[in-house]
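Below is one structure; the comments refer to it alone.
The values are calculated or read from the model by the stated rules, or taken from the named source; none is laboratory data. Given the structure is predicted, the values throughout are model-derived calculations rather than measurements. All Cβ positions, even for glycine, are placed from backbone atoms using ideal geometry, and neighbour counts span all protein chains on display. We work out accessible area using only protein heavy atoms, side chains counted, and drop any ligands, DNA or RNA first. Shrake-Rupley method; radii C 1.70, N 1.55, O 1.52, S 1.80 Å.
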Amino acid sequence: MKKYISKSGKQSGVTGYDIGTDHIIIQFNHHPVYKYSYVSCGKQTTDTLKQLAHASKGLGTYISQHHPPYEWKRE
C-alpha cells in the first residue's frame, strides 16, 4: 500500500492507498480499509478518487463530503 501524505499540509484521515485498473483501495488512520470500484460507485467517482490519491490532495475530504458507496470494508 502506498503511503498517503496530504500536500495541503492538513492531517488527512487517509493513510494509504492501492490503485487498480477499476478500483482503489483506501486505508484510513482508524484502520478500516475500503475498496471503491467501478461496480460500487461508478467509473467517474472511482477515477476522481484515483486522481486525488495521485495528487495527494483532497482525498479524505472528497470521501467525507460525498460518501461514495464502497464494495467492501475490512477492519
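Observations, loosely collected:
- Restriction of the trypsin sites (Lys or Arg not before Pro) in region 6-58 to DSSP coil positions whose beta-carbon has at most 15 other beta-carbons within 10 angstrom yields K7, K10.
- Nearest-10 value in Å² for the accessible area of H54, using the 1.4 Å probe: 130 Å²
- Rounded to the nearest 10 square angstrom, S64 shows an accessible area of 70 square angstrom against a 1.4 Å probe.
- Extended-chain gain in nm, criterion 0.36 nm per residue less alpha-carbon gap, I19 and H54: 11.7 nm
- Label assignment, Rg and Dmax of the Cα atoms in Å derived from the structure, set (1) 11.0, 32; (2) 14.2, 54; (3) 13.4, 42: (1)
- In this structure T15 has an accessible area near 50 Å², from a 1.4 Å probe over the protein heavy atoms.
- Summarising the amide proton neighbourhood of S56: residues at separation of 5 or more, or on other chains, whose placed amide H is nearer than 5 Å comprise an empty set.
- Residues of region 1-35 with an amide N closer than 16 Å to a point placed 7 Å from the Cα of T61 along the Cα-to-Cβ direction: 5-14.
- Computed over the chain, the per-residue total of -39500 (n - 2.57) for DSSP H runs of n ≥ 4 gives a 222 nm mean residue ellipticity of -9000 deg cm²/dmol, rounded to 500.
- Distance between the 7 Å Cα→Cβ label points at F28 and R74: 1.7 nm.
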